[in-house]
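Here the structure is laid out as structure tokens; the discussion comes afterwards.
The values are calculated or read from the model by the stated rules, or taken from the named source; none is laboratory data. Values in this document were obtained by computation on a predicted structure and should not be read as measured data. Every residue, glycine as well, gets a Cβ built from its backbone with ideal geometry; the counts of neighbours run over all protein chains shown.
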Amino acid sequence: MSVTFQSPRSTSKEQRRHNFRVRTERPVLCFGIDPDQGLGERVPALTVDISSQGIGLRHDGALDRVRSIAVHMHFSAPDIDIVALASKVRTNGPFEAAYRFETLSTEARAALARFVFAEATRLRTAPGSAVAAHGDDPIVNPLDACTQRLASATGHVRAADADLRAMQTLLRQQGSAVPPEIELVLARVREALDELEA
């Protein structure tokens, strides 16, 4: 795997206005940066919150005396793999601090913004809410969240079923043969929909 430091870019007012953050615990790898000795040893940490502008971290104390770090963020859903330099802006208590990203390209910030929105959705939190914007602890009933995702999935499958049937009808009205692939997909979508609605 190849990772590179991102070059700094300016941040527009529009980006700052949409700088949502979400409280979430995700593992990251950090390296303290010494002005004379360069990168220090690898320090595992957990995110406290994250946005496209900065990150809150909880660690074992190894970064307490360090002002600058390199942080490797490797997350999924959506997938991102970014290494960025960050500077400490405040200490939030023992073994916990907030950092501002110093080197992120526009593309990397956009990827982080997409992750924040996806993570907020996963936690059943709208990005414009107090939880996503200000970092309050989300109250999530896991079963309720699963039920909502299942209902959303059912709606998508139902829409796909309707579109496939409409395509089938239009092809037949035009006197065209319905490709076997469409017939097969339609049958599988119908089967999945029946299972979801059962």
Residue selected from segment 153-198 under the condition assigned to a helix (DSSP H, G or I) and among the β-branched types (Val, Ile, Thr), by the criterion farthest from THR121 (Cα to Cα):
THR169
Mind listing whichever residues of segment 76-95 are touching a residue at least 60 places away in the same chain (Cβ under 8 Å) and surrounded by 15 or more Cβ atoms within 10 Å (Cβ to Cβ)?
ILE82, VAL83, ALA84, LEU85
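For every residue, the table says whether it meets (1) at pLDDT 75 or above; (2) surrounded by 15 or more Cβ atoms within 10 Å (Cβ to Cβ); (3) in contact with a Pro (Cβ under 9 Å, 6 or more places away or on another chain).
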residue	(1), (2), (3)
ALA97	yes, yes, no
ARG114	yes, no, yes
ALA126	no, no, no
ASP137	no, no, no
ASP144	no, no, no
SER152	no, no, no
LEU184	yes, no, no
Any idea how many residues of segment 32-65 are of a type in the set (Lys, Arg) and over 22 Å from ALA108 (Cβ atoms)?
2
